[in-house]
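Presented below is the structure to which this report refers.
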Amino acid sequence: MAIRLGDEAPDFSAQTTEGPVNFHQWIGDKWAILFSHPADFTPVCTTELGLVAKLKGEFDKRNVKIMGLSVDPVDSHQGWIKDINETQNATVNFPIIADPEKKVANLYDMIHPNALNNLTVRSVFVIGPDKKLKLTLTYPASTGRNFDELLRVIDSLQLTAKYSVATPANWKDGEDCIISPSVSDADADQRFPKGYKRIKPYLRVTPQPNK
Ligand code: BEZ
């Protein structure tokens, strides 16, 4: 069954390029991204993994750990990592799950047989420190993901987990936010000392509270 936002992310043990892991233990008190790739030695995946390695500092800043997955075995992953490092001018610095039996792929419903026969599509799961699922994305094999967007949504997820705000279309860290409709005007005065603009009763805009 599909995992839904707010569900506990299924726990598992798996072999990775950095040794065996228990997923929930590995997450610890951090945020986590689990993302899947159709197969080793494929061109789009090669660019994605290289880019994620280069963005590691950005994920670290946000307290986010990264784990990749592809259905090939560890020795194949190790050979592919050499190619990724060489061609993408990167050093892969996060574990990649080897899932030849497709245990994790099936657990997370990453195989969409009408899209790609018996291989994982490009799934992304963002998981909070509470191990609950915060966001999912599913892309087809032919479309590489936008990892700047992933950083942007993590900024929004972490902000909205802490403050009673939502983030508008195309919002970026540092821009104005929307006060949650569940907050009364009286409460808003208290909670948002920088003030807010009441465009409509349901549309109140305030500077980003943690900036
Ligand atoms: C790729 O990662 O390049 C890819 C994988 C499977 C099908 C198409 C493209």
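A few points about this structure:
- Thr143/Asp109 FRET efficiency (R0 22 Å; Cβ-Cβ; nearest 0.05): 0.70
- Over the chain: helical MRE at 222 nm, DSSP H runs n ≥ 4 each giving -39500 (n - 2.57), nearest 500: -9000 deg cm²/dmol
- Counting other Cβ atoms within 10 Å as a rough exposure proxy, the listed residues Ser156, Ser13 run Ser13, Ser156 from fewest neighbours to most.
- Set Lys82/Lys131; Lys30/Lys172; Lys61/Lys131; Lys103/Lys162 screened for pairs whose C-alpha atoms are more than 26 Å apart: Lys82/Lys131; Lys103/Lys162
- Two-site label geometry, Ser164 and Lys194: point separation in nm, points 7 Å out along Cα→Cβ: 1.8 nm
- Cα-centred dipole magnitude for region 12-112, charges only on beta-carbon of K, R (+1) and D, E (-1), debye, nearest 20: 360 debye
- Note that region 61-71 has calculated 3J(HN,Hα) couplings of 4, 8, 6, 10, 9, 10, 9, x, 8, 9, 7 Hz, one per residue in order, obtained from phi through the Karplus relation 6.51 cos²θ - 1.76 cosθ + 1.60 (θ = phi - 60°); glycine and proline are x.
- The mean sequence distance of close C-alpha pairs (under 8 Å, at least 6 residues apart), as a share of the length of region 163-206, puts its relative contact order at 35 percent.
- Between Thr120 and Val71, the built amide H atoms are under 5 Å apart, and every one of these is 5 or more places off in sequence or on another chain.
- Cα centroid of region 80-144 to Cα centroid of region 5-44, whole Å: 8 Å
- A simple packing score, the average count of other Cβ atoms within 10 Å per residue, orders the peptides 183-189, 45-51 as 45-51, 183-189, with the highest score first.
- Sequence ranges 25-38, 76-89, ranked by mean other-Cβ count within 10 angstrom, highest first: 25-38, 76-89
- Each principal axis of the Cα cloud of region 56-211 was evaluated for its coordinate range; sorted largest first, these ranges are 60, 34, 28 Å.
- Convex hull volume of the C-alpha atoms in region 7-138, normalised per residue: 94 Å³.
- Karplus 3J(HN,Hα) series, Hz, for region 165-180 with 6.51 cos²θ - 1.76 cosθ + 1.60 (x for Gly, Pro): 10, 10, 10, x, 3, 6, 4, 10, 3, x, 8, 4, 10, 9, 6, 4
- Across the chain, the relative contact order, built from alpha-carbon pairs under 8 Å that are at least six residues apart, equals 21 percent.
Since every read-out is calculated from the coordinates, none of them should be taken as a lab result. Given the structure is predicted, the values throughout are model-derived calculations rather than measurements. Note that each Cβ is placed from the backbone with ideal geometry, even for glycine, and that neighbours are counted across all protein chains shown.
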